[in-house]
Amino acid sequence: MSGVTRTVEEALRASADVDGWMTDGQGRLLYAAATRCRPGGRIVEIGSFRGRSTIVLASAAGPGVEVVAIDPHAGNDRGPQELEGYADAARTDRAVFEANLAAAGVIERVRHVAAFSDSDAAHGAVEGPIDVLYVDGSHRYAPARVDLRAWGGRVADGGTLLIHDSFSSIGVTLAIGRQLVLGRRFRYVGRARSLAEYRADLAAGSLRARAANALRQLAQLPWFVKNVALKVALTLGLARLAKLLGRPAPEWPY
């Protein structure tokens, strides 16, 4: 794929008006990971919505790097508290996704796979190892765990795994606990709010390295509890109460 790599500020400006749940700090983390992708390498995004993160990844990718966006735009797991029943909205999402990529000048850099990430069609559409994998698909435990196991297993040694809604969504956090906390391959690097970064370079044979890696992830649990408590409060009407009191409503944590 051809194209001109933008600076991080240019990439953030190009995606600023696109709907989605990505902070500037998270965009910078995605950008940095994409710029590390080797020439001729591959970036795979699971869950694109309207293209906010896709634009950043495609803007950062060097010449010859393949950028694959996997999203069925089927109305399931569309956004916070939008788990299913949004088929009509999802059709609009796909059209807006394509328009946003075109407006940002990156549509020729992105190959869109309109399939569920756990399907043979999605896996069959991506050949070879993955250098950068960004997971922001289903936030329910079972499909999130499948994404981490099946797609994570395709990340090249030394490659990068990025997971949105880590230590924020219950399902995603449980999947991380099952697949990564005691894992032998992915080293926890850090996070920008709920966007966690892992690197496939953990010294698997070292019990000390694995124990330290587990502790770094478990140290995020207090922040997870705080996020869950805030989500419960917002669901129960905290935003309305704040409005009545003349105070700004807390935003949904992401």
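Give the shape of the range 138-194 as rounded, prolate or oblate, defined through the alpha-carbon gyration tensor: a ≥ b ≥ c are the square roots of its eigenvalues, a/c under 1.5 means rounded, and otherwise the shape is prolate if a/b is larger than b/c and oblate if not. Intermediate values should be presented prior to the final figure.
On the way: a/c = 1.69, a/b = 1.25, b/c = 1.36.
Verdict is oblate for the range 138-194.
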Report task. Would you work out which of V225, G25, I130 lies farthest towards the positive end of the dipole of the chain? Charges go on Cβ: Lys and Arg +1, Asp and Glu -1. Result -> V225
Requested in this report: Let me know the charge dipole size of the range 8-219 about its Cα centre in debye, to the nearest 20, where only the beta-carbon of Lys, Arg (+1) and Asp, Glu (-1) is charged.
Outcome: 1040
Report summary line: When L202, L30, L195, L207 are ranked with the fewest other C-beta atoms within 10 Å first, the list becomes L207, L202, L195, L30
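Pairs of alpha-carbon atoms within less than 8 angstrom and 6+ residues apart define the contacts here; what relative contact order does the range 8-219 have, in percent? Walk me through the intermediate numbers first.
On the way: 413 pairs, mean separation 35.5, N = 212.
Value for the range 8-219: 17 percent.
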Query - Radius of gyration and Dmax over the Cα atoms of the chain, both given in Å - result: 17.9, 57
Query raised in the report: Hey, if you put +1 on the Cβ of every Lys and Arg and -1 on every Asp and Glu Cβ in the chain, which of S59, A99, I163 ends up farthest toward the positive end of that dipole?
Result: I163
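Arrange the following residues from fewest to most other Cβ atoms within 10 Å of their Cβ: T235, T35, T173. Could you put the intermediate results ahead of the total?
Numbers: T235 12, T35 15, T173 26.
The most exposed by this proxy come first: T235, T35, T173.
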Report summary line: Mean-square fluctuation maximum in Gaussian network of the chain, Cα pairs under 10 Å, restricted to A33, A212, A60, hits A212
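Every number in this text was worked out from the coordinates using simple rules, so none of it is lab data. Small disclaimer: the values here were computed from a predicted structure and weren't measured. Using ideal geometry, Cβ is built from the backbone for each residue, glycine included, and neighbour counts are taken over all protein chains shown.
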